[in-house]
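Colleague: Let me begin by handing over the structure; questions about it come next.
The values are calculated or read from the model by the stated rules, or taken from the named source; none is laboratory data. The shown structure was predicted, so the numbers you read here are calculated from the model rather than taken from an experiment. Note that each Cβ is placed from the backbone with ideal geometry, even for glycine, and that neighbours are counted across all protein chains shown.
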Amino acid sequence: MLAAAAAMVEWIRARQEQWSEPWVEAPPEAPAEAPHEPIELNDPEDPEDMYKPYEPIELPEGEPDPFALEGAPPEGDARSNVASLLPRAAAIAAVVGVLGAAIVYWPQMRRMVGGSAPPAPVSSAPQPAAAVPETVAPQAPPPPPAEPPAATEAATGTVALVLPFEVTVTESDEPVTLDDQRRAVLSPGKHRLRFQNADRGYDATRTVQVQPNGTTTLTLTPETALGVTSNEPAEVLVDGVRVGDTPYEGKMGLGPHTVTVKTSGAERQLSVDATSKPVRLEVDFSKP
């Protein structure tokens with residue numbers, strides 16, 4: 001804006017210098033002379049004479065122009081008036097330019113000179129009261145940690161075996177101890193046990209579910225095949241219990257047994273110690 005104002009002032013000064021040059025006054029009026037001779041005009045009724053050009057009229061030297069406007073001020077007077085107003089217009093333009101630049105750039109100049117930002121507007125809203133710190137009551141020290149409870153013995157279960165003879169028990173090729181009543185103490189859960197008796201050729205595997213703090217009874221009834229024949233029809237009894245007639249094919253448990261074969265007039269008793277091998281008996285009543 002300052003540059004524009006300066007350019008305006010320079011232009012006004014140039015115009016002032018140009019318009020302030022001295023003007024040459026017109027020469028004094030010449031004395032009036034005799035009137036001119038009348039000018040012959042073209043005949044408007046003659047078409048040919050109508051379009052003929054008029055001859056120029058030469059005015060005598062020093063005679064004023066009759067066609068000039070009466071009462072018009074000389075040219076030099078108007079230019080003099082404008083030239084006299086140019087300094088005032090230049091001063092007004094310079095003042096306006098300086099004021100505009102000051103209004104536009106005043107905040108930036110103030111920050112550059114003062115080196116600080118303008119103060120923040122003060123809010124009229126009421127400020128919240130400062131919080132009053134709460135009084136914290138002293139806390140009692142925490143109680144000492146309780147001692148961990150003594151480790152209890154792991155829960156166990158008992159397996160009681162029912163067998164007609166002695167066996168050895170193993171689990172995953174590890175021996176399982178039996179007491180005098182053929183009981184074994186095991187951990188709760190599922191166990192796969194193997195029972196063996198080499199003398200009777202017995203070898204069997206059973207799965208048992210052991211209950212915690214309880215007793216599980218496992219009854220084993222190993223059997224073998226029993227076949228009885230006789231020369232006469234007869235009745236077959238095993239340990240006093242009738243099981244059938246001859247010829248007889250059935251099962252009997254391993255271990256010592258008494259097999260009785262009898263007819264209406266004769267009877268034979270046979271002691272058998274059964275193993276895993278099949279037992280075959282033949283009775284001849286014709287022999288004593």
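Colleague: Tell me, please, whether a residue that is closer than 10 Å to Val283 by Cα, among the acidic types (Asp, Glu) and part of a strand (DSSP E or B) can be found in the stretch 238-261.
Modeller: Checked against the condition, which is being closer than 10 Å to Val283 by Cα, among the acidic types (Asp, Glu) and part of a strand (DSSP E or B), the stretch 238-261 yields no hits at all.
Colleague: Restricting attention to the stretch 211-232, and to residues there that are part of a strand (DSSP E or B) and in contact with a Gly (Cβ under 7 Å, 6 or more places away or on another chain), which single residue is farthest from Leu178 (Cα to Cα)?
Modeller: Of all residues in the stretch 211-232, those part of a strand (DSSP E or B) come to 215-219, 223-230.
Among the residues that remain, those that are also in contact with a Gly (Cβ under 7 Å, 6 or more places away or on another chain) are: 216, 223, 226.
Values: Thr216: 14, Glu223: 23, Leu226: 31 Å.
Within the stretch 211-232, the match that is farthest from Leu178 (Cα to Cα) is Leu226.
Colleague: Name, by its number, the condition in (1) more than 21 Å from Thr275 (Cα to Cα); (2) surrounded by 11 or more Cβ atoms within 10 Å (Cβ to Cβ) that does not hold for Asp173.
Modeller: (2)
Colleague: From the set of residues in the stretch 154-173 that are aliphatic (A, V, I, L, M) and over 25 Å from Gly253 (Cα atoms), which is modelled with the highest pLDDT? Lay out the reasoning, then the answer.
Modeller: Step one: of the stretch 154-173, the residues aliphatic (A, V, I, L, M) are 154-155, 159-163, 167, 169.
With over 25 Å from Gly253 (Cα atoms) added as a condition, the list becomes 154-155.
Working: Ala154: 68, Ala155: 81.
Taking the candidates together, the pick is Ala155.
For (1) more than 20 Å from Gly255 (Cβ to Cβ); (2) at pLDDT 90 or above; (3) assigned to a strand (DSSP E or B); (4) more than 55 Å from the chain's Cα centre (by Cα), each residue gets a yes or a no:
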site: Pro175; (1), (2), (3), (4): yes, yes, yes, yes
site: Val185; (1), (2), (3), (4): yes, yes, yes, yes
site: His191; (1), (2), (3), (4): yes, yes, yes, no
site: Phe195; (1), (2), (3), (4): no, yes, yes, yes
site: Arg200; (1), (2), (3), (4): no, no, no, yes
site: Val208; (1), (2), (3), (4): yes, yes, yes, no
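Colleague: Here are some residues: Ala204, Ala234. Which one is assigned by TED's automatic domain parsing to the domain that holds Glu267, touching a strand residue (DSSP E or B) at 6+ places or on another chain (Cβ under 6 Å) and not acidic (Asp, Glu)?
Modeller: Details: Ala204 fails: assigned by TED's automatic domain parsing to the domain that holds Glu267.
On inspection, the qualifying residue turns out to be Ala234.
Colleague: Then there is this: With Pro247, Pro256 as the choices, which residue is in contact with a strand residue (DSSP E or B) (Cβ under 9 Å, 6 or more places away or on another chain) and over 28 Å from Ala160 (Cα atoms)?
Modeller: Every option except Pro247 fails the conditions.
Colleague: Have a look at Asp199, Asp239, Asp245, Asp273 and point out the one that is in contact with a His (Cβ under 6 Å, 6 or more places away or on another chain), in contact (Cβ under 8 Å) with a residue 12 or more places away in the chain and surrounded by fewer than 17 Cβ atoms within 10 Å (Cβ to Cβ).
Modeller: Numbers: Asp199 fails: in contact with a His (Cβ under 6 Å, 6 or more places away or on another chain); Asp245 fails: in contact with a His (Cβ under 6 Å, 6 or more places away or on another chain); Asp273 fails: in contact with a His (Cβ under 6 Å, 6 or more places away or on another chain).
So the residue among Asp199, Asp239, Asp245, Asp273 that is in contact with a His (Cβ under 6 Å, 6 or more places away or on another chain), in contact (Cβ under 8 Å) with a residue 12 or more places away in the chain and surrounded by fewer than 17 Cβ atoms within 10 Å (Cβ to Cβ) is Asp239.
Colleague: Tally time: how many residues in the stretch 262-288 are in contact with a Lys or Arg (Cβ under 8 Å, 6 or more places away or on another chain), farther than 15 Å from Tyr248 by Cβ and not in a loop (DSSP other than H, G, I, E, B)?
Modeller: 0
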